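These notes are about the structure you will find just below.
The values are calculated or read from the model by the stated rules, or taken from the named source; none is laboratory data. Owing to the predicted nature of the structure, the values given are computational and were not obtained by experimental measurement. Neighbour counts are summed over all protein chains in view; Cβ atoms, including those assigned to glycine, are modelled from backbone coordinates with ideal geometry.
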Amino acid sequence: MKILHIVGARPNFMKMAPIIAALKQRDGVRQVLVHTGQHYDAKMSDVFFQDLGMPDPDVHLGVGSGSHAQQTAKIMLEIEPVLLGEKPDVVVVAGDVNSTIGVALVAAKLGLRIAHVEAGLRSRDWTMPEEINRVLTDRLSDLLFTPSRDGDENLVREGIEKGRIHFVGNVMIDSLRAALPRARQSRIHERLELSKGGYALATLHRPANVDDPAALERLLSALSEVGQEIPVVFPIHPRTRSRLPEGFNARGVKLVEPLGYLDFLALTADARLVMTDSGGIQEETTALGVPCLTLRENTERPITVEVGTNQLVGTDPARVIPAAREVLAGRGKKGRIPELWDGHAAERVAEVLVR
Ligand code: UD1
């Protein structure tokens, strides 16, 4: 059996690594790993392969950045001959990035079987490119692996046959659990002169939050306000870096380069508070029991709010700052671990794939 995995952007790596490892334990499975090259900087890609112990890609498409149309089209053009040559029994795609939909669209038209990892999530916000990618990829997929039961419900409501939906839990949390002991040895706190439990961690990269200068400025002002009370570490995504006001320098906000998986996990695990517009970080904070304020009006991961430590606070500083103060005063949300976020999701994926 030949299984071809697609990765392309930062949040794909921690989802695919445990699946590749689980399938390695199975007899009769040949795996091919394709990197589209959507993310290409060492700090956005290579470091994750090292930190997650992932094999090097067998094929690299070298797609790079561009508008949505350019990037998706390039992915499609480059993957088609690879799929025709490899003739995999199944193509595994993960998450909701342009690499996910670009490859799924080509694979579907070649009549190949597609498995979507992290299926069924819905923000119901069609202004997000990821929502378009999620809905369309699910529609094209033969096997849909969901991280939470809301995913199953969304898919059934959209008319997807129940037999194709497999509630397996959260593969990203497999990576988190496996890496936590190594992350605990990271020296990142010393390097950034932070005391454990004595800082907040912030990330921002959603187009809706960073592409509009006024929206970005409002969020930066909220971060610097929180920075008056506790140091705010802010690893900066390249999209956001390129849009920062010239000479941005807010007291209490420590701008740092994008971090590797282990260093970022170490910082998350010991943060007093996390403020983010990321999808994956909402899940990681829930898994670690760290209070998270999500700087968005909606989430495709409602389980992190219903069960976990996540709160949706939007982007208005008048809401963000008081919510942060509540957490800093020790009144952060307590949560539980969602069902099947147990570190064994990838084994369940492997079982279904092989079956
Ligand atoms: C992509 C995903 C998003 C995900 C995010 C995680 C889509 C539609 N979006 O957004 O869902 O949350 O990745 O990081 O797929 N750049 C670099 N170096 C890199 C990669 C990008 O400098 O290695 C810069 C380029 O200027 C590029 C910009 O970042 O134009 C945006 O990159 P892109 O892949 O288009 O989208 P992300 O914002 O990273």
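Could we say that Asp138 is among the charged types (D, E, K, R), closer than 28 Å to Leu340 by Cβ, assigned by TED's automatic domain parsing to the domain that holds Asp152 and surrounded by 17 or more Cβ atoms within 10 Å (Cβ to Cβ) here?
yes
Just the residues that are in a helix (DSSP H, G or I), within 16 Å of the ligand (Cβ to nearest atom) and not β-branched (Val, Ile, Thr), please, taken from segment 18-57.
Asp46, Phe48, Phe49, Gln50, Asp51, Leu52
Quick one: Glu130 ticks every box in (1) buried (at least 21 other Cβ atoms within 10 Å of the Cβ); (2) touching a helix residue (DSSP H, G or I) at 6+ places or on another chain (Cβ under 6 Å); (3) within 21 Å of Phe13 (Cβ to Cβ) bar one, so which box is it?
The one condition Glu130 does not meet is (2).
For segment 16-44, which residues satisfy the criterion of being surrounded by fewer than 21 Cβ atoms within 10 Å (Cβ to Cβ), of a type in the set (Gly, Ala, Ser) and in contact (Cβ under 8 Å) with a residue 24 or more places away in the chain?
Of everything in segment 16-44, those that are surrounded by fewer than 21 Cβ atoms within 10 Å (Cβ to Cβ), of a type in the set (Gly, Ala, Ser) and in contact (Cβ under 8 Å) with a residue 24 or more places away in the chain turn out to be Ala21, Gly28.
Looking at segment 62-78, which of its residues are closer than 11 Å to Thr36 by Cα and in contact (Cβ under 8 Å) with a residue 60 or more places away in the chain?
Ile75
From the list Gly102, Gly120, Gly62, Gly66, which one is within 16 Å of the chain's Cα centre (by Cα) and not assigned by TED's automatic domain parsing to the domain that holds Asn209?
Gly120
Within the group Glu297, Glu326, Glu283, which residue is in a loop (DSSP other than H, G, I, E, B) and acidic (Asp, Glu)?
Criteria check complete, one pass: Glu297.
Mind listing whichever residues of segment 106-127 are within 14 Å of the ligand (Cβ to nearest atom) and surrounded by fewer than 24 Cβ atoms within 10 Å (Cβ to Cβ)?
Answer for segment 106-127, where residues must be within 14 Å of the ligand (Cβ to nearest atom) and surrounded by fewer than 24 Cβ atoms within 10 Å (Cβ to Cβ): Ser123, Asp125, Trp126, Thr127.
Residues checked against (1) of a type in the set (D, E, K, R); (2) within 21 Å of the chain's Cα centre (by Cα); (3) more than 24 Å from Leu340 (Cα to Cα); (4) within 16 Å of the ligand (Cβ to nearest atom):
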| residue | (1), (2), (3), (4) |
| --- | --- |
| Pro238 | no, yes, yes, yes |
| Arg243 | yes, no, yes, yes |
| Ala287 | no, yes, no, no |
| Glu306 | yes, yes, no, no |
| Gln311 | no, yes, no, no |
| Ala318 | no, no, yes, no |
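Do you know which residues across segment 249-290 are touching a helix residue (DSSP H, G or I) at 6+ places or on another chain (Cβ under 7 Å) and at pLDDT below 95?
Within segment 249-290, Ala250, Arg251, Gly252 qualify.
May I ask you to say which residue of Leu121, Leu105, Leu201, Leu192 is closer than 19 Å to Val349 by Cα and of a type in the set (A, V, I, L, M, F, W, C)?
Step by step, each of Leu121, Leu105, Leu201, Leu192 is checked, and only Leu121 is closer than 19 Å to Val349 by Cα and of a type in the set (A, V, I, L, M, F, W, C).
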